[in-house]
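The values are calculated or read from the model by the stated rules, or taken from the named source; none is laboratory data. Model, not experiment: these values are computed from the prediction. Quick reminder, even Gly has a Cβ in these numbers, built from the backbone with ideal geometry, and neighbours come from all protein chains shown.
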Amino acid sequence: MTKDKKKWGDIFGKSKNGENNESNEMQNNESSNDNQESDSNDNVSNDQVLDLEKVILEAKEKEKKLLYILAEKENQINLLRQDIIFEKESFAIKFIKSISKELDDLFRIMNALTEKHKDDTMIQALKVNCDKFIGALGKMNVSVILPKIGDDFDSNLHNAITQIEDKNLEDGKIAQVASACYLLGDKVISHAMVIVVNNNQ
């Protein structure tokens, strides 16, 4: 009986050991699979991070190029604006210089007629139209300043042709006006030509 028990014991013992071995092998295999999966997951995540960093770098490079292009376009627009302003100013200056003599003659005639015929309706109508013409120049940013006798001499706006004695006026006052002053914005295109009072000659 003992021999049979040993035999069965050996048999059952072997089977138990075999089962243990098989279960150990299965656990080892599962753990190795888990390790392989974790390694593969690590590799995938690293690749994804590298791809994302590459995309970010490319996006930054494209952003720099785009900003550079925008800056260039902005510079071109500013230069074009400056050219347009310069052309407009040049045209206005040429236009005013070409008609300034005729305008000055018109102003002198209007002043002379107004002094002699203040109540004449025709003279007043001409003066209104003259003012309208000056207003039209204002739309071109051109100002016409016609000095009056007795005004203070201003070297920024006036150019003294000569000096004369005039006991009716103080020194430094305008005695006669030869031409008007023309400005483009704040820039003087042509100074007013005047005669200034100097009683200490």
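Before moving on, here are some points about what is shown:
- Single match in E89, E102 (criterion: under 30 Å from I174 (Cβ atoms), in contact (Cβ under 8 Å) with a residue 24 or more places away in the chain and part of a helix (DSSP H, G or I)): E89
- Residue list for the range 160-187, restricted to those being closer than 24 Å to D131 by Cα and buried (at least 16 other Cβ atoms within 10 Å of the Cβ): I174, A175, V177, S179, A180, C181, Y182, L183, L184
- Residues of the range 148-160 that are part of a loop (DSSP other than H, G, I, E, B) and over 38 Å from the mean Cα position of the chain (by Cα): K148, I149, G150, D151, F153.
- Test: N200 is at negative phi, modelled with pLDDT of 90 or more and part of a loop (DSSP other than H, G, I, E, B): no
Residue-wise test of (1) out of contact with any strand residue (DSSP E or B) (no Cβ under 8 Å at 6 or more places or on another chain); (2) over 30 Å from V197 (Cβ atoms); (3) surrounded by 10 or more Cβ atoms within 10 Å (Cβ to Cβ).
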{"position": "I85", "(1), (2), (3)": "yes, yes, yes"}
{"position": "L103", "(1), (2), (3)": "no, no, yes"}
{"position": "N141", "(1), (2), (3)": "no, yes, yes"}
{"position": "V144", "(1), (2), (3)": "no, no, yes"}
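- Contact annotation: residue pairs with Cβ atoms under 8 Å, 6 or more positions apart or on different chains, pairing a residue in the range 148-168 that is in contact (Cβ under 8 Å) with a residue 40 or more places away in the chain with a partner that is crowded, with 16+ Cβ neighbours inside 10 Å and of a type in the set (D, E, K, R), are F153/K173.
- Selection within the range 161-183: residues that are outside any loop (DSSP other than H, G, I, E, B) and under 20 Å from E89 (Cα atoms). The member of this set that is nearest to the chain's Cα centre (by Cα) is L183.
- Here K139 passes the criteria (1) under 40 Å from the mean Cα position of the chain (by Cα); (2) modelled with pLDDT of 90 or more; (3) of a type in the set (K, R) except the one numbered (2).
- Remark: pairs (first residue in the range 114-128, free of Cβ contacts under 8 Å to residues at least 40 places away in the same chain; second residue surrounded by 10 or more Cβ atoms within 10 Å (Cβ to Cβ) and of a type in the set (S, T, N, Q); Cβ separation under 8 Å; 6+ apart in sequence or on different chains) = I123/T114; K127/T114.
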